[in-house]
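Report on one structure; see the data block that follows.
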Amino acid sequence: MSKIIDGLFYSESHEYVKIEGEFGYVGITDYAQHELGNVVYVDMPEVDDEVEAGQEFGAVESVKAASDLNSPVSGTVVEVNEALDDEPGLVNKDPYANWIIKVQLSDASELDSLMNAEAYKNFIGE
Amino acid sequence: MNNQYYSKLIFELSHEGRRGYSLPDNEFKEYDLASMPQNLLRQQEPDLPQVDELTVVRHYTNMSNNNFGVDTGFYPLGSCTMKYNPKINEEICAMPAFSGLHPLQQENTVQGALEVYYNLQRSLAEISGLSEFTLNPYAGAHGELTGLMIMRSYHMSRNDSKRTKVIVPDSAHGTNPASAAVCGLEVVVVKSRPDGTVDVDDLQPLLGDDIAGMMMTNPNTLGIFEHDIAKIAQLVHDCGGLMYYDGANLNPMLGKCRPGDLGFDIMHINLHKTFSTPHGGGGPGSGPVGVRAGLEQFLPNPRVKRTEGDDWYQYSIENTDSALGSISSFLGNFAVIMRAYTYILTLGRENLAQVGPLATLNANYIKESLKDCYELPLKGVCKHEFVFDGLKDKSTGVTTLDVAKRLLDYGFHAPTIYFPLLFHEAMMIEPTENESKETLDAFIEVMRKIAHEAATDPELVKSAPHHTPVRRLDDTKAALKQIVTFAELRQAEL
């Protein structure tokens, strides 16, 4: 049973965004990390890069496969989680504590098209 | 059989001053190193192993005993067509008249070799329904890159520079998007329908005047024949794009169905899959590229041409003004070309057309015999390979990886796992046409046994393999802490 946290917004490609004021912390869900298996590399954008909702901003590589990361929201990257460079496995340990990028949102109304915890739970069929 | 696992590195056998050769007196003048740029000069001696000849021979012979290959056991590695490499191929290409050739020899002294090259070009053109081939690319992915460069050259020759996108199905081999990216093209993914074939409705909106072409594997990586191929080819051609055929799954089509007749414009063939030349560690590979009539001028250099009169003919190596120039040194991997040509002549037209039906029969036999224990996501008749989505009963938590590891305990090579990405627990099985019913039955029995173990003693499967010289390897650590040279190993041990 995957861990799903109330209050976060979820995308169909299994990313979440956690909102704090005008910023959003983007990472992959517990379901995604479980499906991927042990993560060995996270390809992240650079600070000040623009990300667009639904568009790829990086990739996560596991022992099974490499998968694109799609941003659930549009905006500017203000921080990347550099701890993942040294220890990509943090994504497996706690994907919600170990977000990948912090984005300054350009359009908060995009959150309306994402799923809440319950909708995401139904989406992954658990 | 030697049960001792040999795990030494040749560096560990090294002793200062030991040697297995002596060089003749140097008849050339000493090179003046002072004239070389100093930053290009090595500052210390290279760390080379110092060993005597017998030690070298024993080392590599012992290492070779660790190998698992088609010659030692069943190798159902999906998508790879690990078919038997007939020994007559080796006999022919080892003939001194071929093995002793030098690529810079005069044309008139290598007419036989050029004839082999030319004839294989013609055979592949006939088998695939295309006009002309180059045998120069060294591997499948190299062929893909060459084919995409041809596609781009074709558009550029018409001053159509806005075609920068290539459509690739989501079931494609990873090399397709990789080759497109290396060629400077942008990849657009088209989705599959629930039956595993390309979704024509999803394809249509992607088409436009920015599409250079579409890459397809048919039968696709799920072993399913793309039944809408004629329509897809027409749609792509109507928007001005070209159709590229990835020859990875050509095996079931041999002598039955030709990519050229299906509407493909460019293709590559993996000689190391379909035409029985060694594959993988036993390589090298070869990825000939063919084009339909009208695209011949875009093939890379050099080309082999045949000229003939009433009572004579001769072969020549020619360089055309192809925009591609050369994509390889000389004429590709000639010894591989020689083996593939031998295979085609050994089987002949009639027997070549039996390859596909037998490969298809073998794959379907395994699929039908195991579908009550393993999840079969796509029902119906497959071609040369098929995909299970893990065990049918997943309640004990045994994964596809565990089943693959357990197979090693029973002496079989594991199938391809976790590819294609369409299914979470993919297990891709391709038996090839060579295997006897006894071998297939033995494999089926073991697969059923593993499914039974997974239900009754899941820990046994989860901790497999138990009987191999090394146990389950830590692939996460291998990816994170790569040690690929002896110097790094010594560093790590300090």
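Quick look at the numbers
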quantity	calculated
Yes/no for A:E79 being away from every other protein chain (no Cβ under 14 Å) and more than 11 Å from the chain's Cα centre (by Cα)	yes
Residue in region B:392-404 that is away from chain A (no Cβ under 14 Å) and assigned to a helix (DSSP H, G or I) present	yes
Condition check for B:T432: away from chain A (no Cβ under 14 Å), more than 30 Å from B:V198 (Cα to Cα) and among the β-branched types (V, I, T)	no
Within region B:472-494, considering residues that are assigned to a loop (DSSP other than H, G, I, E, B), free of Cβ contacts under 8 Å to residues at least 60 places away in the same chain and farther than 22 Å from A:D86 by Cβ, the one farthest from the other protein chains (Cβ to nearest Cβ)	B:T485
Residue in region B:48-70 that is surrounded by 11 or more Cβ atoms within 10 Å (Cβ to Cβ), within 20 Å of B:F275 (Cβ to Cβ) and outside the structural domain of B:P431 (by TED's automatic domain parsing) present	yes
Qualifying residue in region B:426-445 (condition: assigned by TED's automatic domain parsing to the domain that holds B:T400, in a loop (DSSP other than H, G, I, E, B), on the phi > 0 side of the Ramachandran plot and surrounded by 16 or more Cβ atoms within 10 Å (Cβ to Cβ))	yes
Near pairs, Cβ below 9 angstrom, 6+ apart or cross-chain, from region B:15-34 (closer than 30 Å to B:L54 by Cβ) to any residue that is of a type in the set (A, V, I, L, M, F, W, C) and at pLDDT 85 or above	B:H15/B:V51; B:R18/B:V51; B:R19/B:V51; B:G20/B:V51; B:G20/B:L54; B:G20/B:V56
Residue satisfying all of: in region A:52-64; in contact with a helix residue (DSSP H, G or I) (Cβ under 7 Å, 6 or more places away or on another chain) and within 12 Å of chain B (Cβ to nearest Cβ); surrounded by the most Cβ atoms within 10 Å (Cβ to Cβ) among these	A:S62
Any pair with Cβ under 7 angstrom, 6 or more apart, that starts in region B:388-399 at a residue that is assigned by TED's automatic domain parsing to the domain that holds B:D457 and surrounded by fewer than 18 Cβ atoms within 10 Å (Cβ to Cβ) and ends at one that is hydrophobic (A, V, I, L, M, F, W, C) and outside any loop (DSSP other than H, G, I, E, B)	B:D393/B:A455; B:T396/B:A454; B:T396/B:A455
Any hit, region A:21-30, residues being more than 14 Å from chain B (Cβ to nearest Cβ) and of a type in the set (S, T, N, Q)	yes
Test set (1) without any contact (Cβ under 8 Å) to a residue 12 or more places away in the chain; (2) within 14 Å of chain B (Cβ to nearest Cβ) - A:V91 fails condition number	(1)
Qualifying residue in region A:39-51 (condition: part of a loop (DSSP other than H, G, I, E, B) and within 14 Å of chain B (Cβ to nearest Cβ))	no
Residue selected from region B:279-312 under the condition exposed (fewer than 11 other Cβ atoms within 10 Å of the Cβ) and of a type outside the set (A, V, I, L, M, F, W, C), by the criterion nearest to B:A248 (Cα to Cα)	B:G281
Selection within region A:91-114 - over 13 Å from the mean Cα position of the chain (by Cα) and outside any loop (DSSP other than H, G, I, E, B)	A:K93, A:Q104, A:L105, A:A108, A:S109, A:E110, A:L111, A:D112, A:S113
Among (1) in contact (Cβ under 8 Å) with a residue 24 or more places away in the chain; (2) over 15 Å from B:A293 (Cα atoms) - the single one B:L130 does not satisfy	(2)
Boolean, B:R339 is crowded, with 22+ Cβ neighbours inside 10 Å and either outside the structural domain of B:L262 (by TED's automatic domain parsing) or part of a helix (DSSP H, G or I) (or both)	yes
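The values are calculated or read from the model by the stated rules, or taken from the named source; none is laboratory data. Quantities reported herein were computed from a predicted structural model and do not represent experimental measurements. Because the Cβ atoms are built from the backbone with ideal geometry, glycine has one as well, and the counts that use them run over all protein chains shown.
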